[in-house]
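Taking it in order: structure first as structure tokens, then the write-up.
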Amino acid sequence: MNTVILPVNEYSLGQSKKIICGGGAVAFPTETVYGLGANAFDNSAVENIFKIKGRPNDNPLIVHVHKDYDLSLLVKDIPDYARALSKAYLPGPLTMVFKSCGAVASAVSCRLGTLAIRIPSHEGAQRFLEYIDLPIAAPSANISKHVSPVTAQHVYSDLNGKIELILDGGKSEGGIESTVLDCTGEIPVILRSGLITREMIEKVAGRCEQYFLKDGERARSPGMKYKHYSPNCKTMLFAFNELQDALYEYEKSNAEGVTAYLLCDDKTAQIAAVDKVLKLGKDGEEMASNLYYKLREGEEKARLIIAVAPENQNGVMEGVMNRLSKACKNS
Ligand code: AMP
Ligand code: MG
């Protein structure tokens with residue numbers, strides 16, 4: 001199969017509609033990362049997404065809709081706090097999980113009885129969703145376990161030959177996946193942290209909890225238990241106060257001819273003062289925006305990425321650290 005990259009325009013949207021309505025998959029830009037979308041009503045199209053990515057078939061997909069889509073066609077029992085959060089933050093990088101009406105294909109939410117809904121703010125994503133006017137089930141457009149894509153080129157390097165069309169909407173500025181919020185209970189519960197932070201949710205909903213997977217427990221959000229975001233090279237992760245150890249590994253590795261790059265925030269890069277550095281930025285937003293881009297750049301250049309965690313891990317940084325620690329798990 002020949003894979004083409006096209007800008008978002010009337011022609012490419014027409015092609016997208018043909019592909020999606022014919023049971024195929026199209027990669028499209030969002031403000032978080034690129035998605036790989038299929039018609040959420042078409043079970044075999046959704047199953048094909050799992051096959052293309054090599055995604056475990058118990059890890060449910062998020063359904064993407066345009067801003068005027070009638071959610072009551074898909075989900076029920078939307079609590080007041082979720083309506084308030086929608087008003088405050090949508091369209092935007094917040095996914096909400098509700099009880100499902102059972103309208104979408106069973107493969108989408110792996111028979112959980114719930115459905116994750118997202119309304120992206122990216123203009124190209126909105127145009128794509130409006131043009132097709134169907135709910136689109138979409139995980140990130142990468143091979144399972146690999147670093148999520150934030151450019152059309154990243155999607156191409158993972159999925160060339162496996163899909164027909166990639167819509168190019170430039171670099172995804174958010175840079176990490178949406179916050180996933182369970183809205184099926186009295187209090188919203190964060191299942192995956194992201195750009196919409198706990199503080200932002202508390203401000204609107206009054207209360208908010210964070211769910212952490214404990215050893216041996218059945219994951220409330222199945223995606224939590226899988227390896228994720230890993231570059232195709234070795235990685236090491238050091239705490240902020242272990243910079244000297246990180247630098248020792250950097251020197252040793254490069255002296256042995258194993259090209260190592262340091263991945264860290266701007267402040268740490270300044271202190272480290274080394275040549276081979278992947279700088280993530282000065283604050284949570286910048287670091288989120290650059291994380292996957294730099295991990296992908298790193299795997300091209302390095303045989304070892306030595307990451308140093310930032311000192312402050314609050315707000316958006318919590319989402320950055322969640323991704324960084326998973327990316328640096330070597331097992
Ligand atoms: P990805 O598409 O790779 O960004 O992953 C989607 C994330 O949303 C995964 O962590 C899933 O476990 C989570 N998710 C999707 N649908 C549901 C659902 N119905 N209930 C809980 N988590 C979900
Ligand atoms: Mg993903």
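The values are calculated or read from the model by the stated rules, or taken from the named source; none is laboratory data. This is a predicted model, so every value here is computed, not measured. Cβ: placed from backbone, ideal geometry, glycine included. Neighbour counts: every protein chain shown. Note: accessible area is taken over every heavy atom of the protein model, side chains too, but ligands, DNA and RNA are not part of it. Shrake-Rupley method; radii C 1.70, N 1.55, O 1.52, S 1.80 Å.
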field: Over the chain: Kirkwood hydrodynamic radius from C-alpha pairwise inverse distances, Å
entry: 20.3
task: Please work out the average accessible area per residue across region 89-141, using the 1.4 Å probe convention, and give it in Å².
output: 31
message: Out of the total accessible area of region 1-53 (probe 1.4 Å, heavy atoms of protein only), what percent is carbon and sulfur?
response: 54
task: Give me the number: length gained by fully extending ARG207 to ASP133, i.e. 0.36 nm times residue separation minus the C-alpha to C-alpha distance, one decimal in nm.
output: 23.3 nm
statement: In region 80-203 the accessible area split gives carbon plus sulfur, as whole percent at 1.4 Å, a share of 48
- prompt: Under a 1.4 Å probe, what is the accessible area of region 1-84 per residue, stated in Å²?
  reply: 43
field: Distance in nm between pseudo-label sites at LYS18 and ARG303 (7 Å out along the Cβ direction from Cα)
entry: 4.7
statement: Highest GNM mean-square fluctuation among ARG220, ARG198, ARG55, for the chain with Cα springs under 10 Å, belongs to ARG220
query: Relative to the present Cα-Cα distance, how much length would full extension add between LYS234 and ASP68 at 0.36 nm per residue of separation?
result: 55.3 nm
message: Kirkwood hydrodynamic radius, region 227-331, all distinct C-alpha pairs: what's the number in Å?
response: 13.3
task: Might you work out the accessible area of SER253 for me, using a 1.4 Å probe with all protein chains in place, and round it to the nearest 10 Å²?
output: 10
- prompt: Counting pairs of alpha carbon atoms under 8 Å apart in space and at least six apart in sequence, what relative contact order in percent does region 184-272 give?
  reply: 18
query: Per 5 Å bin, what is the whole-percent P(r) computed from every C-alpha pair distance within region 1-144?
result: 2, 10, 21, 24, 22, 13, 6, 2, 0, 0
task: Pop out the ³J(HN,Hα) list for region 20-27 in order, Karplus 6.51 cos²θ - 1.76 cosθ + 1.60 with θ = phi - 60°, rounded to Hz; leave Gly and Pro as x.
output: 5, 5, x, x, x, 10, 10, 8
query: Near ASP182, within a Cβ-to-Cβ distance under 12 Å, what is the net charge of the other residues, with Lys and Arg +1 and Asp and Glu -1?
result: +1
task: Please work out the average accessible area per residue across region 194-286, using the 1.4 Å probe convention, and give it in Å².
output: 59
